[in-house]
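Asks: One structure, pasted below without further comment.
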Amino acid sequence: MRITFALPAPIRIPMGGAAVVYRYAGMLAARGHEVTVVSPRRIRPGLGGVAVDWAVQVRDRIHGVGTDAYYSAPGVRSVVVPRLGGTTVPPGDVVIATGVQTARPVAALPPAAGAPVYFIQGDETFADPTARETWHLPMRRLTCASWLAEAVHAAGESVEAVLPNAIDPADFALDRPLGERQSSVIALYHRHLVKGPDVLLRALEHIRSVRPDLPIRVFAARPPSHRLPERVEVHIRPALADLRDLYNDSAVLLHPSRSEGWPLVPMEAAACGCAIVACANPGVSECFTAGVSMQAVPVGDGEALGQGALDVLADDALRIRLAEAGRDAVDRTSWSASADVLESALLRILETS
């Protein structure tokens, strides 16, 4: 098959949805398919798009973001085009929108681009209030999680397949025994409200008020725009090996997001032996079970998130039990199995289009 994935923009920093796209692109290419990833320089037309481009470039320079693509995969052709349109997207058998920003442009492509497919990786109403309207576009739909498939079904549309996210054990694994972990906390910071930066801030402030000397580590794609409590280590875009070390040096991962499709970070941390303390959004609950493989708190409750971490750190048996169950939950996922489902779905779509 000739398969095209459409990203919303050139990706130059870590981004979970793009990481998933390149994972599948590389696996499909390894199976003999012709795979291209297309990224438009801008989605928004006219002067508004130019202004956004300029603002992003300035921000990237301030944040030390390079101009090279962050992701690649063997055998996959990556192309940056002026916009997503009939003359810029290569001819193919299927073309896959990977987010709300690309759904409408892909749906409008000519038939030569391929059968249009929409890979829904989250409820993106936080980015576009009309996001759920795009579920009704004339496209075949895939999702990364069962809860999203159920939401699409409830909206009156069908889903071809569910593709659970997974973790590559070559990337993230247990290097330090669970019983030898120093009491410490790690978290991903993201400035977007849906990722819960304010929730994380309240959690860290609560932890600091009770355990002033507890080691706290935060990693982020860009420098935090919130002022974090004192003595919080901040790591900007750590390399994969360094991130693995950070997880293995930590006892608890805080997950403050208000909404996720199926988040990768809790899985990465669990694979490395962290106990997961999470705001129980539907995405994280797709992989982890409250009271079994994660300590769950209400979405948006930063103090409860911080207290949850303190409770787990105060009970070593609980921490180890959650960590072991979390690793088991991650072990039940498989990129290869999900790629099998994706390949079969795309062949079926091609045959019936």
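Asks: So which of 151, 166, 108 ends up being out of contact with any His (no Cβ under 6 Å at 6 or more places or on another chain), at pLDDT 95 or above and within 28 Å of residue 272 (Cβ to Cβ)?
Replies: 166 is the lone residue from the list that is out of contact with any His (no Cβ under 6 Å at 6 or more places or on another chain), at pLDDT 95 or above and within 28 Å of residue 272 (Cβ to Cβ).
Asks: Does residue 250 satisfy the criteria of being closer than 23 Å to residue 317 by Cα, touching a residue at least 40 places away in the same chain (Cβ under 8 Å), of a type in the set (Gly, Ala, Ser) and in the same structural domain as residue 303 (by TED's automatic domain parsing)? Give the steps one after another, and end with the answer.
Replies: Details: closer than 23 Å to residue 317 by Cα: yes; touching a residue at least 40 places away in the same chain (Cβ under 8 Å): yes; of a type in the set (Gly, Ala, Ser): yes; in the same structural domain as residue 303 (by TED's automatic domain parsing): yes.
So residue 250 passes the test.
Asks: Out of 226, 192, report the one residue that is touching a residue at least 60 places away in the same chain (Cβ under 8 Å) and loosely packed, with under 14 Cβ neighbours inside 10 Å.
Replies: Answer to the check: 192.
Asks: Here is a list of conditions, (1) in contact (Cβ under 8 Å) with a residue 40 or more places away in the chain; (2) more than 19 Å from the chain's Cα centre (by Cα); (3) under 25 Å from residue 276 (Cα atoms), and residue 180 meets all of them except one; can you say which number that is?
Replies: For residue 180, the exception is condition (1).
Asks: Now for a separate question. Name the residue that is surrounded by the fewest Cβ atoms within 10 Å (Cβ to Cβ), counting only residues in the range 6-29 that are within 13 Å of the chain's Cα centre (by Cα) and not in a loop (DSSP other than H, G, I, E, B).
Replies: 19
Asks: Further, regarding this structure: Please go through (1) free of Cβ contacts under 8 Å to residues at least 12 places away in the same chain; (2) within 30 Å of residue 249 (Cα to Cα) for residue 150 and return the number of the only condition it doesn't satisfy.
Replies: (2)
Asks: While we're on this one: Just need a number here: residues in the range 143-177 that are within 16 Å of the chain's Cα centre (by Cα) and either among the hydroxyl-bearing types (Ser, Thr, Tyr) or not in a loop (DSSP other than H, G, I, E, B) (or both).
Replies: 5
Asks: Would a scan of the range 101-109 turn up a residue that is in a loop (DSSP other than H, G, I, E, B) and buried (at least 18 other Cβ atoms within 10 Å of the Cβ)?
Replies: Checked the range 101-109: at least one residue is in a loop (DSSP other than H, G, I, E, B) and buried (at least 18 other Cβ atoms within 10 Å of the Cβ).
The values are calculated or read from the model by the stated rules, or taken from the named source; none is laboratory data. On a predicted model such as this, the values are computed, not experimentally measured, just so you know. When we count neighbours, we look across all protein chains shown, and the Cβ atoms used for this are built from the backbone with ideal geometry, even at glycine.
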